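Beneath this line is the structure, given in structure tokens, with notes to follow.
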Amino acid sequence: MSQIAAKLDLPEGRLETKLPDDKPLYGAAEARAEAERCLYCVDAPCIKACPTSIDIPTFIQKIATGNVRGSARTILEQNILGYSCARVCPVEVLCVGDCVYQEWHGAPIAIGRLQRYATETATRAGEPPLFTPKTRASAERKKVALIGGGPASLSCAAYLALEGHRAVILEKRALAGGLNTTGIAPYKLHAEDALHEVAWVRSLGVELQTGVEVGVNVKGDALLAEYDAVFIGVGLGADATLGVPDESGPGVVGATAWIESMKLGAPSATPLGRVVVVGGGNTAIDMARECARLGAREVTILYRRDAEAMSGYEHELAHAREEGVRVVVNAVPVGFMRDGGGTLFGVIVAEAANGRPILGTEHRLACDLVGVAIGQAKVQSIAGELPGVALDAKGCVQVDATTKRTGNRKVYAGGDCVNGGKEVVNAVADGRDAAHAMMLEWGQRTVTTKAKLAWTGAARG
Amino acid sequence: MADLTTDCAGIKSPNPFWLASAPPTNTGEQIMRAFDAGWGGAVWKTLGNPIVNVTSRFGAVDYAGRKVMGLNNIELITDRPLDVNLAEMREVKKRYPKHALVASLMTETREDWRVLIRKVEDAGCDGLELNFGCPHGMCERGMGSSVGQEPKLLEEITRWTKEFAKTPVLVKLTPNIGDILEPGIAAVKGGADGLSLINTVKSLIGVDLDRMVPLPRVGAQSTNGGYCGPAVKPIALHLVAALAREKAIGVPISGIGGISNWRDAAEFIALGSSSVQVCTAVMHHGYRIVGDMIDGLNEFLDARGMKSVRELSGRAVSSFVEWGDLDLGYKLVAGIDAKKCIGCQLCVTACWDGAHQCIFTGPADGVRPPHAHTKGPAVAPKPLPMGLLAGDRVPWIDEPECVGCNLCALVCPVEGCVTMREVETGAHETWNDRVAQGRDKVPGGIHG
């Protein structure tokens, strides 16, 4: 197993570096001005809308008083990946979407940007550590293996490390961070920033082994024998394919694979040309927006049903349209056109009813690149490695909703491999909850609910 | 993390943050919730003979979109039976033995003081705070600020209480006086173990112009109240500092007045407070604000290498001097950062109408006003600074005329855009030096 430094040199001139931050880091005065607008609501709707229940009004109040490190601590205690979540969360449908200003007279508070300001400022190079991990006697110090180095595992591992446990992440790629590193639209988060966060998590004491695939380099039973607990955070697998004629070959790519190469790979000299993206989810919209911003001649989203049925966020779709993306609904690809050399030059599109092609409606759409964003396969092999771990009908790992424990008492799971593909913030919540459940299981009461005050009203009668 | 434990005149608490005697400390249930939230101490709502309150009781001043810059109240001391308060006090102390629980008291005769002190000390309070500050209602009955404004009376009553008290006695002072040293010294002479200040500032918060009745309105009338909240902080800071630097005082101070966050608290502590008391910010935002106060003060102390809050206490006192001791040769001039300027030119109008006419715009040399100290035109910089954001709207400073007053820097909305730069003048002396050397005198002044 190779131990690789978290920060690898990424290729020069990667395509993603051409797309700057949509929401750059606030300056101190900007952050304070925005923070001071917050009403500091009680039992605030924004907290309830956050899958990790960050105490948003409190962290904002701390920015307003100049207590930026305290602010970051308020965020990270609840969501250890508060930095990347600040940048990648669809805040429009989460905290910001529920800001009381939405229903009143003003622009909602820019919670994501404030959260980025606090976490980025307080964790930048040269700042003293925000947290001191607990030290535990070796008898109490447990050892946990985390399969997959994405947000769910990073979160689980970080909370374990802070509590003085040994957390070892096994990542099959060369780089950890999961989708934060490989899949986030660059105008939200660049790969090097995701890797900085991984390095910060490692600074809490989390161990990372890259190039290690469970089932290939190490067997499940070996993990179960060596570790006190195992956490599965493998995310999702390869992009699904359409299964239509001439799909296989250059020019037709899975959307997440294309996004990963755009973010991490060496730049290609070929211009993007005309791009078609197939699918109606956020991955499809991301790829379409990225292509549009990278200068594609023409970008079209093909979706097989009505616009209302698209699973992508409305605000993302609206941005895509603003950026010139054409959205064609009730349309499906039924074949591809390639020249004698196999080069793609078009896609055959049929009109669709209820998602199914209508015979005789086929027409040709010229294109140079097709991104297929119709979902990703589930990583089912992991269940076979770990006895007691069961999958549901969709191939997702089955867990207890509260403890994130699988059918094997030592094995927990969270993130996309459990929920089928949600946000980074959901994965972080799963990882945190699993870490807490493990510690409860070991008799270490780290999960405390604030005892309700039992005022007896002594002499009130 | 620094050591935040506090000892104010022998009253110990896990941190310097106490709730001031006010609505947030009206009942035991509230105080226990506050302790759970992190408050280190609480001064119970003033006990005495229960009163009857009016409706309404509060009024506020908002400023620039933010609510409750200042709060005014006409509520009196506790309206709950003494026995109920005492029973709750006993319960709180039993459950929270390490927190500071101070009984604020206000009563009349020597015997009344004796009985009240015995009762609250029996209930387990850690100290007493004599309310000689309330400027509304109670003062009409010869208590509160009517005591705080009469040094002899204040001294006498303080002496009584010291005769009876087993726990430390803090005297809470009113700001509604000419010279804070008079009641401060009287309290110390009477034997006070410590001082707490300020109580509220006598005030009328506003007028309902439709009804032609001042606020807060009680039917068709109103009365003056006590003003508190962020607006009074500068007044309070001055009075705390004035006592802290006075040799004849020498007792610990619990600072009060507009403290809303850790930074405000740090300022009061730096000017000589051992503990600080908070009311209005809690009335506005709840007990939860103490989280940031603890956290923020810890960060501040850590960042400056201070191991305890005691190391901060009084750090800025010695640099608070009389005007006559200030260095007349210290000189600042303003500078504008063209990269940051947004071109609002608020500094220009502030300087021309409100200060000393030394900020100009445009490429031409400036025409100084006829009263200028420097002869000739104000020379424009060449080339004219071009702002990244403001283009040619970036103003420039006529440095020879700049008196270094700060006004432009204060009104500039952009952080770090207008900065004040020190200029060495070579000459350093104070007004008092000049007077001592006979080169100047205080015309008609009290120094003769």
Q. Among the listed residues B:L101, B:L86, which satisfies the condition of being away from chain A (no Cβ under 14 Å) and over 22 Å from B:K202 (Cα atoms)?
A. B:L101
Q. Which condition number in (1) within 14 Å of chain A (Cβ to nearest Cβ); (2) closer than 29 Å to B:G10 by Cβ is the one that B:A64 fails?
A. (2)
Q) Can you find even one residue in region A:38-49 that is under 25 Å from A:V201 (Cα atoms), modelled with pLDDT of 95 or more and within 14 Å of chain B (Cβ to nearest Cβ)? A) yes
Q. Does A:T132 satisfy the criteria of being outside any loop (DSSP other than H, G, I, E, B), within 14 Å of chain B (Cβ to nearest Cβ) and within 24 Å of B:E299 (Cα to Cα)?
A. no
Q) Within the set of pairs 6 or more residues apart or between chains, which connect a residue that is at positive phi inside region A:146-172 to a residue that is among the acidic types (D, E) and surrounded by fewer than 24 Cβ atoms within 10 Å (Cβ to Cβ) with Cβ atoms less than 8 Å apart? A) A:G164/A:E140
Q.
Condition check: assigned to a loop (DSSP other than H, G, I, E, B), more than 14 Å from every other protein chain (Cβ to nearest Cβ) and modelled with pLDDT under 95. Does B:K375 satisfy that?
A. yes
Q | Enumeration of residues in region A:61-87 that are over 23 Å from A:K188 (Cα atoms) and either away from chain B (no Cβ under 13 Å) or assigned to a loop (DSSP other than H, G, I, E, B) (or both) | A | A:T65, A:G66, A:N67
Q) Can you name the condition, by its number, that B:L47 falls short on among (1) touching a helix residue (DSSP H, G or I) at 6+ places or on another chain (Cβ under 7 Å); (2) within 13 Å of chain A (Cβ to nearest Cβ)? A) (2)
Q.
Given the criterion within 14 Å of chain A (Cβ to nearest Cβ), modelled with pLDDT of 95 or more and outside any strand (DSSP E or B), identify the matching residue among B:R114, B:R80.
A. B:R80
Q. Hey, A:I109 hits all of (1) touching a Phe, Trp or Tyr at 6+ places or on another chain (Cβ under 9 Å); (2) surrounded by 20 or more Cβ atoms within 10 Å (Cβ to Cβ); (3) part of a helix (DSSP H, G or I); (4) more than 13 Å from chain B (Cβ to nearest Cβ) but one; which does it fall short on?
A. (3)
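For every residue, the table says whether it meets (1) charged (D, E, K, R); (2) part of a strand (DSSP E or B); (3) surrounded by 14 or more Cβ atoms within 10 Å (Cβ to Cβ); (4) out of contact with any Pro (no Cβ under 8 Å at 6 or more places or on another chain).
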{"site": "A:K263", "(1), (2), (3), (4)": "yes, no, yes, no"}
{"site": "A:S268", "(1), (2), (3), (4)": "no, no, no, yes"}
{"site": "A:T300", "(1), (2), (3), (4)": "no, yes, yes, yes"}
{"site": "A:E316", "(1), (2), (3), (4)": "yes, no, yes, no"}
{"site": "A:V327", "(1), (2), (3), (4)": "no, yes, yes, yes"}
{"site": "A:F345", "(1), (2), (3), (4)": "no, yes, yes, yes"}
Q: Keeping to region B:1-22, report how many residues are surrounded by 19 or more Cβ atoms within 10 Å (Cβ to Cβ) and not in a loop (DSSP other than H, G, I, E, B).
A: 7
Q: Can you tell me which residue within region A:90-112, out of those that are of a type in the set (V, I, T) and under 24 Å from the mean Cα position of the chain (by Cα), is nearest to A:P45 (Cα to Cα)?
A: A:V96
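Quick check on my filter: what residues within region B:254-279 are within 18 Å of B:A42 (Cβ to Cβ) and either among the charged types (D, E, K, R) or away from chain A (no Cβ under 14 Å) (or both)?
B:S254, B:G255, B:I256, B:G257, B:F268, B:S273, B:S274, B:S275, B:V276, B:Q277, B:C279 - these are the residues of region B:254-279 that are within 18 Å of B:A42 (Cβ to Cβ) and either among the charged types (D, E, K, R) or away from chain A (no Cβ under 14 Å) (or both).
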Q: Look through B:G229, B:G286 and report the one residue that is within 14 Å of chain A (Cβ to nearest Cβ) and closer than 22 Å to B:A42 by Cβ.
A: B:G286
Q: Could you tell me which numbered condition B:W39 fails, if it satisfies all but one of (1) over 21 Å from the mean Cα position of the chain (by Cα); (2) in a loop (DSSP other than H, G, I, E, B)?
A: (1)
Q.
Regarding region B:63-75, can at least one residue be identified that is surrounded by fewer than 16 Cβ atoms within 10 Å (Cβ to Cβ), among the aromatic types (F, W, Y) and in contact with a strand residue (DSSP E or B) (Cβ under 9 Å, 6 or more places away or on another chain)?
A. yes
(Q) Just to be sure I understand, how many residues within region B:176-199 are out of contact with any Ser or Thr (no Cβ under 8 Å at 6 or more places or on another chain) and in a loop (DSSP other than H, G, I, E, B)? (A) 5
Q. Only one of (1) in contact (Cβ under 8 Å) with a residue 24 or more places away in the chain; (2) surrounded by fewer than 20 Cβ atoms within 10 Å (Cβ to Cβ) fails for A:L359. Which number is that?
A. (1)
Q: Would you check which residues across region B:15-44 are within 13 Å of another protein chain (Cβ to nearest Cβ) and among the hydroxyl-bearing types (S, T, Y) and list them?
A: B:T27
Q: Only residues that are part of a loop (DSSP other than H, G, I, E, B) and either within 20 Å of B:L332 (Cα to Cα) or not assigned by TED's automatic domain parsing to the domain that holds B:L332 (or both): list them for region B:378-412, please.
A: B:V379, B:A380, B:P381, B:P395, B:D398, B:C402, B:V403, B:G404, B:C405, B:N406, B:C412
Q: Check every one of the helices (runs of 4 or more DSSP H) wholly within region B:257-313 and list those with 1 or more residues that are aliphatic (A, V, I, L, M) and over 22 Å from A:E36 (Cβ atoms).
A: B:262-270, B:290-303, B:309-312
**Q.** Checking B:T430 against (1) closer than 30 Å to B:K339 by Cβ; (2) β-branched (V, I, T); (3) in contact with a strand residue (DSSP E or B) (Cβ under 7 Å, 6 or more places away or on another chain), the condition it does not meet
**A.** (1)
Q: Would you mention how many residues in region B:216-265 are over 27 Å from B:I185 (Cβ atoms) and crowded, with 18+ Cβ neighbours inside 10 Å?
A: 9
Q.
Checking B:T107 against (1) surrounded by 23 or more Cβ atoms within 10 Å (Cβ to Cβ); (2) touching a helix residue (DSSP H, G or I) at 6+ places or on another chain (Cβ under 7 Å); (3) more than 14 Å from chain A (Cβ to nearest Cβ); (4) part of a loop (DSSP other than H, G, I, E, B), only one condition comes out false. Which one?
A. (1)
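Of the residues B:V52, B:V92, which is modelled with pLDDT of 95 or more, within 13 Å of chain A (Cβ to nearest Cβ) and either touching a Phe, Trp or Tyr at 6+ places or on another chain (Cβ under 9 Å) or at negative phi (or both)?
None of the other options fit; the residue is B:V92.
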Q) Does any residue in region B:55-77 that is assigned by TED's automatic domain parsing to the domain that holds B:A220 come within less than 6 Å, Cβ to Cβ, of a residue that is surrounded by 15 or more Cβ atoms within 10 Å (Cβ to Cβ) and of a type in the set (K, R) six or more places away or on a different chain, and which pairs are these? A) B:N73/B:R57; B:I74/B:R57; B:E75/B:R57
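Tell me, please, whether a residue that is surrounded by fewer than 21 Cβ atoms within 10 Å (Cβ to Cβ), touching a residue at least 40 places away in the same chain (Cβ under 8 Å) and over 24 Å from the mean Cα position of the chain (by Cα) can be found in region A:130-140. Can you show your working first?
If we filter region A:130-140 for residues that are surrounded by fewer than 21 Cβ atoms within 10 Å (Cβ to Cβ), which is where we start, we get A:130-140.
Right, trim to touching a residue at least 40 places away in the same chain (Cβ under 8 Å) and you get A:130-131, A:133, A:140.
Now restrict to residues that are over 24 Å from the mean Cα position of the chain (by Cα): A:133, A:140.
Yes; the residues of region A:130-140 include at least one that is surrounded by fewer than 21 Cβ atoms within 10 Å (Cβ to Cβ), touching a residue at least 40 places away in the same chain (Cβ under 8 Å) and over 24 Å from the mean Cα position of the chain (by Cα).
The values are calculated or read from the model by the stated rules, or taken from the named source; none is laboratory data. Given the structure is predicted, the values throughout are model-derived calculations rather than measurements. Neighbour counts are summed over all protein chains in view; Cβ atoms, including those assigned to glycine, are modelled from backbone coordinates with ideal geometry.
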